[in-house]
1. Cα centroid distance between the range 223-275 and the range 69-107, in Å?
2. Which of the peptides 155-164, 110-119 is most tightly packed, and how do the rest follow, going by the mean number of other Cβ atoms within 10 Å of each residue?
3. If I model a spin label as a point 7 Å beyond the Cα along the Cα-Cβ vector, how far apart are those points for residue 229 and residue 187 in nm?
4. Calculated FRET efficiency, residue 283 and residue 171, Cβ-Cβ r, R0 60 Å, to nearest 0.05?
5. For the range 174-185, just list the computed ³J(HN,Hα) in residue order, Karplus coefficients 6.51, -1.76 and 1.60, θ = phi - 60°, integers in Hz, with x standing in for Gly and Pro.
6. Once you have all Cα-Cα distances for the range 89-204, histogram them in 10 Å bins from zero and send the whole-percent values.
7. Need one word for the range 157-295: rounded, prolate or oblate. Basis is the Cα gyration tensor (sqrt eigenvalues a ≥ b ≥ c); a/c below 1.5 gives rounded, then a/b vs b/c decides.
8. Listed highest first by mean packing, meaning other Cβ atoms within 10 Å per residue, what order do 69-80, 255-266, 284-295 come in?
Amino acid sequence: MKAALRTRIVTAASVSVLLAACGGGDPGNSLSGTPSSPARLAPATVVGNVATFAGPRANYNIIKSASGYTVIDNVGSDGTSNLPESIERMQFTDVTVNPRIGALAAGIQPEELKLLIELYIAFFNRVPEADGLAYWIEKFKAGESLDQIADLFYNAAVQYTNLTGYSVNMSPSDFVRIIYRNVLGRTGTTAPPEEDVQYWAGQLSGGTVTRGVLVRTMLDSAHSFRGHSVWGWVPALLDNKYTAGHYFAVQQGLNYNTPEISIQRTMAIAAAVTPQGIEAALREIPVTSGTAPVDPATQAPIPPATTPAPAPGVTPAPGAPAPAPGTTPAPGTTPAPGTTPAPGTTPAPGTTPAPGTMPAPGTTPAPGTTPAPGTTPAPGTTPAPGITPAPGTAPAPGITPAPTMTPVPGVTPSPA
């Protein structure tokens, strides 16, 4: 299967290769090479390893058995077709099914498969098709990194500018805006501020990151906001697009029959996904509702991870670059979960330093925090063990100095 799939794609012209790899290749060619003369195997017309049917996919049931596949026409006159296990494509009037994608996808880790599907979403805001996804699975298994694969996606995207929005001469800023839209769903009122766009555009222009690395960074950023009170819809939308893509390409093994229709329809499926669910997207997929996977052994999609919600008040938007060393967070904001302000920075008024950070000299620690050496505890607070109150101060009423603390001469501790 590997050699046959590679032969089919690699022997085409380079542009066609890239397009086919992203799910828009010509489904009329057999994966095994030159078709043999037409033959009849039950009602389906079989040429080489391709079985052709007279109706749309939704009219048929596909049942996998130990010896092959049984395809039952529920509407037309095709009746029942018994196909051998060697069959590689089932071509219907609207789509073509790749029955082997489930087994191929099982050859890599589920998390790696998810990232490949998310690259389609990130670059094209579309779900993948089975043949294109199979191509990239093979490339990944052969040693291509996910970042290298992501860079190659751009080469395919620029071939269909009117559909994808990418062009050879597009500016880094325009590229960044498309990634924000596709990965993070941030357009209109949620569009990124211009300074964020220019930060990432500068990283691209300066060669600090490649397009592939930027996309991976945005994907990581999106997933880090799961459960967030403001931005939780971003990872929910991305997870649902992945689930819809997995159902279309991996479980159902679907491909549309022309490149243009492929891009248009798979974009329409992705566009129908919402942060709340994929029901509308499933109605765009040309199979009967509730259709089981072509291969029952196909792995189910990864369920959304359960990540604790970030602390209240954390409002940096997904995709925003990390503050540069020496900068001050904007007033009213809290550093993102797990981040630590750079040494020497001062949190803005009303902000909460990340766990483990030390307030700047001269500032007043938040209740329950530990003052920095040489600072004065706020009124009513209890110095941490080993801290000596500043000269002339007395512990607040009802406060007992911590063990090992030495009162300043002339200061009388209050009753314990």
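Please treat every number below as a calculation from the coordinates, not as lab data. Keep in mind that what you see is a predicted model, and the values were worked out from it rather than measured. Cβ: placed from backbone, ideal geometry, glycine included. Neighbour counts: every protein chain shown.
1. With the range 223-275 and the range 69-107 each reduced to a Cα centre, they are spaced 24 Å.
2. 110-119, 155-164
3. About 3.0 nm separates the two model spin labels.
4. Efficiency at R0 = 60 Å is approximately 0.95.
5. Rounded to whole hertz, the list is 5, 4, 4, 4, 5, 5, 4, 5, 6, 7, 9, x.
6. Histogramming the range 89-204 at 10 Å steps yields 12, 38, 32, 15, 3 percent.
7. Taking the square roots of the gyration eigenvalues as a ≥ b ≥ c, the range 157-295 is oblate.
8. Packing order, densest peptide first, comes out as 255-266, 284-295, 69-80.
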